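The block underneath contains the structure these notes are about, expressed in structure tokens.
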Amino acid sequence: MRRRAKRILLLCLGLAFIGYAAFVLSPWPSALLTRLAFGYGASKTTAALANHVPFGIREQRDIRYGSTEDERLDVYLPPGGRVEAGRPTIVWIHGGAFVAGDRQDVAPYLRILAGRGFATVAIGYTRAPTARYPTPVLQTNAALGFLQREGQRLGLDPTRIVLAGDSAGAHIASQLAASLTGKDYAELLGLKPAVEAAALRGTILFCGAFDPTAFELTGPFGGFVRSVLLAYFGTSNPLDSERITEASVPRYVTETFPPSFISVGNGDPLAPQSVVMAQALRDRGVRTDTLFFPPETEPKLPHEYQFDLGRPEGKQALERLTAFLNGLKN
């Protein structure tokens, strides 16, 4: 009995070690668990937004903009398929901690914006660890080039682009915007801009992670953050990688960065990053519209609060976003 118990104990310890090693040495176990968690959350968000989506939205889905299976986009147009002249086209990059999420996650919100008269586009990209930094930035740049070539055929204006994103998507959007408006930064990333800077009229940045060098690596989310860094950058230590420093967008924005709308909830662990990003833009004279909430706002607004239109703050964000977009018409 003692030998059997010893074997079972050794087996359990061995399995525990293998499991620990898998999570520490490979980004895949954490990435797959994160995808499950994000998928569950996205399904709840989609169901909650369903009642807010207007009828008659014109959709063109699964359009290839590149050669890989992930390089696809979806277009949503207002009822009737016509967009008022001068209105910008919103190109949205979904979140998911770089390892999860899907362009379908933001589809209900983009349909709502289309119902307000805007052409909207959801961009798909290859998630980590299948593809590592800066692949999503390069892919979304390629998507803009495709939209410039095919935009009129798709019913949108490719000369008036607003780059948008939530969470990790906000980082990708902001990094691409900094590359399109800053030649030195584009060269640092090895990115050849697919559109002229003049075509970029604004950015929309919700709940973004803009500076990975400032991520909190301890506390309740420390392990998760390390797994994300490992999956996307190939290392869990920001000090080990020049590329992680390079991905700190607030350090590289210039005065040519487009007008921006930035918002985050008061209960979001990433809230300080949005504050820093907004200040970096204002320090360079960039017109920046922010929607932040007092610390005493209760209940606390979580990460991705903007998708909850059942709360007054979610509705406020949608109205402020619409006003920002309307202000870009001229």
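Of note:
- Extension reserve of the Thr322-Arg282 stretch, reckoned as 0.36 nm per residue once the Cα distance is removed: 12.3 nm
- Set of lysines with alpha-carbon distance to Lys192 below 28 Å, sequence-local pairs under 8 removed: Lys183, Lys329
- Computed packing ranks the peptides 67-80, 40-53 as 67-80, 40-53, most packed first, by mean other Cβ atoms within 10 Å.
- About the centre of its Cα atoms, the stretch 238-320 shows a dipole size close to 220 debye [charges on the beta carbon of Lys, Arg (+1) and Asp, Glu (-1) only; nearest 20 debye].
- Between Leu33 and Thr235, the modelled label-to-label distance comes to 2.5 nm, taking each label 7 Å out from Cα in the direction of the beta carbon.
- The charge dipole of the chain, taken about the Cα centre with unit charges on the Cβ atoms of Lys, Arg (+1) and Asp, Glu (-1), comes to about 940 debye, rounded to the nearest 20.
- Cut-off under 5 Å, modelled amide H: who pairs with Leu217 long-range: none
- Measure of compaction for the stretch 219-330 (Cα Rg per 2.2 N^0.38 Å): 1.24
- The convex hull drawn around the Cα atoms of the stretch 163-210, when projected onto a plane and averaged over every direction, covers 3.1 nm².
- Taking the alpha carbon gyration tensor of the stretch 199-274, multiplying each eigenvalue by 5 and rooting it gives semi-axes of 24, 17, 9 Å, largest first.
- Computed from the C-beta positions of Asp62 and Gln148 and an R0 of 22 Å, the FRET efficiency is 0.65 to the nearest 0.05.
- Highest average packing first - 202-208, 58-64, Cβ atoms within 10 Å: 202-208, 58-64
- Per-pair calculated FRET efficiency, R0 = 35 Å: Lys44 and Glu216 via Cβ, rounded to 0.05: 0.85
- With distances taken between every two different alpha-carbon atoms, the stretch 38-93 has a Kirkwood hydrodynamic radius of 13.7 Å.
- To the nearest ten degrees, helix 135-154 and the longest principal axis of the Cα atoms of the chain are 30 degrees apart.
- Two-decimal Rg to Rh for the stretch 275-330 - Kirkwood Rh, Cα set: 1.02
- The C-alpha atoms of the chain define a longest principal axis, and helix 168-180 lies at about 50 degrees to it.
- Distant-in-sequence amide H partners of Tyr65 (H built 1.01 Å from N, under 5 Å): Arg72, Leu73
- Residue ranges 252-264, 144-156, 111-123 sort as 111-123, 252-264, 144-156 when ordered by packing (mean number of other C-beta atoms within 10 Å per residue, highest first).
- Per residue, the solvent-accessible area of the stretch 142-218 (1.4 Å probe, heavy atoms of protein chains only, all protein chains present) comes to 34 Å².
- Per residue, the Cα convex hull of the chain amounts to 155 Å³.
- P(r) histogram, all alpha-carbon pairs of the stretch 61-149 included - 10 Å bins from 0, percent: 17, 48, 28, 6, 0
- With the convex hull drawn over the C-alpha atoms of the stretch 125-271, the volume per residue is 111 Å³.
- DSSP assigns beta bridges within the chain; of those with both partners inside it, close to 25 percent run antiparallel.
The values are calculated or read from the model by the stated rules, or taken from the named source; none is laboratory data. A quick note: this is a predicted structure, and the numbers were derived from the prediction, not measured. FYI the Cβ positions are ideal-geometry reconstructions off the backbone, even for glycines, and counts take in every protein chain you see. Ligands, DNA and RNA are excluded from the accessible area calculation, which covers all protein heavy atoms including side chains. Shrake-Rupley method; radii C 1.70, N 1.55, O 1.52, S 1.80 Å.
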